[in-house]
Amino acid sequence: MGEYSSLGEVSGKRVLVRSDLNVPLDGPLITDEGRIRASLPTIQALASAGAKVIVTAHLGRPKGAPEERFSLRPVAKRLGELLGHEVAFATDTVGESAQAVVAGLGDGQVAVLENVRFNPGETSKDDAERGVFADQLAALADAFVSDGFGVVHRKQASVFDVAQRLPHAMGGLVATELDVMRRLTQSPTRPYSVVLGGSKVSDKLGVIDNLIERADALLIGGGMVFTFLAAQGHPVGKSLLEQDQIEACKGYLERAATAGVRIVLPTDIVVDTAFPSADRDPQAVVVSAAAIPEDALGLDIGPESGRLFGEVIAESATVFWNGPMGVFETPAFAEGTRAVAQALTEVTTRGGLSVVGGGDSAAAVRTLGFADDAFGHISTGGGASLEFLEGKTLPGIDVLED
Ligand code: ADP
Ligand code: MG
């Protein structure tokens with residue numbers, strides 16, 4: 001219980017734990033339970049120490065009011081199965097049900113409160129409104145443990161404000177994640193490669209900006225590739241393109257050249273004439289990255305690029321990867337992502353540090369059949385890890401430090 005020693009004896013105390021249980025759902029089915037599993041150790045440690053554990057978390061993006069499809073009930077049920085004992089569930093966030101459930105908790109028992117974002121105070125930009133909600137959350141507990149790494153970049157009531165109202169400590173998951181992120185930013189073992197993909201360049205500009213001079217190689221795939229190809233003057237057909245970021249991409253290409261950092265772009269692309277959909281079989285065709293036809297849509301990096309990316313990654317001692325290389329949800333466009341994942345596992349095997357960040361990237365490696373322990377670390381927080389790598393301060397971490 002070393003990490004929670006700042007809280008003193010927790011036995012018999014009500015401890016509010018902010019976890020990240022924001023798992024992808026397909027109807028009531030949990031399609032990747034990685035975040036639930038990652039939340040277990042802290043909950044278990046506190047329960048074993050005799051605390052009355054009250055878990056608060058969010059799911060999806062409800063608009064400050066209850067919505068059945070964003071209920072945490074199925075998640076609480078799964079959490080109970082994984083813990084091996086019943087978990088009480090409150091049907092509201094801080095109301096009558098929450099108060100009754102907390103009052104009924106015995107030492108070492110666990111309760112989950114309904115989706116914290118069903119209350120508009122959680123995400124309010126108004127400090128006073130958030131404060132009122134944080135007061136109500138704090139009234140349920142004697143201490144607070146912050147363990148939702150996926151939300152520590154958010155100034156939200158259950159992440160930030162509640163920590164100002166209760167004795168608080170950093171959870172083990174957040175501590176581990178921070179440790180890995182620090183290893184990536186403070187003198188990483190070289191060669192250091194950063195692989196970026198996913199759908200939007202604009203989401204990841206800050207990371208490129210902060211890492212361009214620190215990494216030895218920056219490999220770019222996914223939907224953001226096309227803005228870089230456009231910056232090099234190539235046609236991109238109907239592929240995803242962020243016109244307003246072309247100039248920024250040109251700037252990065254120039255800065256990388258000046259700094260002697262290698263920017264690796266795909267040489268071939270897998271295209272189709274339409275985005276994958278249920279009513280149409282994919283027609284995957286490989287074309288040169290420099291000559292994407294007008295009616296084509298780039299959906300994955302090609303096989304030659306997969307090999308090239310694989311080689312550069314496998315030679316690295318440290319690698320951070322965020323964002324799938326293609327629309328991996330469709331098997332015909334998953335091979336680029338598979339090649340990158342495979343290369344990361346080789347880095348792990350040789351004793352290097354391989355880190356996967358991002359919700360979809362984590363889901364992708366699991367969907368493709370890779371074991372979690374084939375990677376040095378799979379981060380539970382996409383946005384938080386990116387903001388950390390951008391060099392930003394994270395409000396949910398800052399607040400724990402004073
Ligand atoms: P992460 O959650 O790992 O940070 P993102 O959310 O940025 O990743 O991006 C994931 C999404 O990017 C996936 O749903 C994937 O289908 C999509 N994607 C990847 N390549 C392309 C592409 N070429 N065109 C459109 N979408 C793409
Ligand atoms: Mg995502």
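Below are the figures for this structure:
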{"read-out": "Any hit, the range 318-325, residues being closer than 19 Å to ARG214 by Cβ and among the polar types (S, T, N, Q)", "value": "yes"}
{"read-out": "Sole exception among (1) touching an Asp or Glu at 6+ places or on another chain (Cβ under 8 Å); (2) under 24 Å from SER202 (Cβ atoms); (3) surrounded by fewer than 19 Cβ atoms within 10 Å (Cβ to Cβ); (4) at pLDDT 95 or above for LEU297, by number", "value": "(3)"}
{"read-out": "The one condition in (1) touching a residue at least 60 places away in the same chain (Cβ under 8 Å); (2) within 16 Å of ligand 2 (Cβ to nearest atom); (3) not β-branched (Val, Ile, Thr) that PHE226 fails to fulfil", "value": "(2)"}
{"read-out": "Considering residues of the range 349-363 that are crowded, with 18+ Cβ neighbours inside 10 Å and at pLDDT 95 or above only, the residue farthest from ligand 2 (Cβ to nearest atom)", "value": "GLY352"}
{"read-out": "Extreme residue, farthest from ALA371 (Cα to Cα), among residues of the range 42-64 that are touching a helix residue (DSSP H, G or I) at 6+ places or on another chain (Cβ under 6 Å) and part of a loop (DSSP other than H, G, I, E, B)", "value": "PRO62"}
{"read-out": "Exclusive hit being crowded, with 21+ Cβ neighbours inside 10 Å and hydroxyl-bearing (Ser, Thr, Tyr), set SER288, SER305", "value": "SER305"}
{"read-out": "Residues located in the range 1-41, provided they are out of contact with any strand residue (DSSP E or B) (no Cβ under 6 Å at 6 or more places or on another chain) and in a strand (DSSP E or B)", "value": "LEU25, ASP26, LEU29, ILE30"}
{"read-out": "Qualifying residue in the range 228-248 (condition: under 24 Å from GLU335 (Cβ atoms) and among the β-branched types (Val, Ile, Thr))", "value": "yes"}
{"read-out": "Count of residues meeting criterion [free of Cβ contacts under 8 Å to residues at least 60 places away in the same chain, within 16 Å of ligand 1 (Cβ to nearest atom) and out of contact with any helix residue (DSSP H, G or I) (no Cβ under 6 Å at 6 or more places or on another chain)] in the range 173-201", "value": "1"}
{"read-out": "Residues located in the range 11-51, provided they are within 28 Å of ALA103 (Cα to Cα), among the hydrophobic types (A, V, I, L, M, F, W, C) and over 18 Å from the mean Cα position of the chain (by Cα)", "value": "VAL15, LEU16, VAL17, ILE43, ALA45, LEU46, ALA47, ALA49, ALA51"}
{"read-out": "Test result for THR337, of a type outside the set (A, V, I, L, M, F, W, C) and touching a helix residue (DSSP H, G or I) at 6+ places or on another chain (Cβ under 6 Å)", "value": "yes"}
{"read-out": "Per-region count, the range 1-29, residues in contact with a helix residue (DSSP H, G or I) (Cβ under 8 Å, 6 or more places away or on another chain) and crowded, with 18+ Cβ neighbours inside 10 Å", "value": "13"}
{"read-out": "Those helices (runs of 4 or more DSSP H) lying entirely in the range 164-277 with at least 2 residues among the charged types (D, E, K, R) and within 20 Å of GLY359 (Cα to Cα)", "value": "172-185, 201-211"}
{"read-out": "Residues satisfying the stated conditions in the range 313-351, i.e. of a type outside the set (A, V, I, L, M) and assigned to a helix (DSSP H, G or I)", "value": "PRO331, PHE333, GLU335, GLY336, THR337, ARG338, GLN342, THR345, GLU346, THR348, THR349"}
{"read-out": "Residue count, the range 368-393 (criterion: within 16 Å of ligand 2 (Cβ to nearest atom) and free of Cβ contacts under 8 Å to residues at least 40 places away in the same chain)", "value": "0"}
{"read-out": "Candidate set: the range 180-208, residues that are touching an Asp or Glu at 6+ places or on another chain (Cβ under 7 Å) and farther than 22 Å from ALA364 by Cα; chosen: the one surrounded by the fewest Cβ atoms within 10 Å (Cβ to Cβ)", "value": "ARG190"}
{"read-out": "Residue in the range 212-229 that is surrounded by the most Cβ atoms within 10 Å (Cβ to Cβ), counting only those that are among the aliphatic types (A, V, I, L, M) and away from ligand 1 (no atom under 15 Å from the Cβ)", "value": "ALA215"}
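The values are calculated or read from the model by the stated rules, or taken from the named source; none is laboratory data. Since we're looking at a predicted model, the values are computed, not measured. Note: ideal-geometry Cβ built from the backbone for every residue, glycine included; neighbour counts use all protein chains shown.
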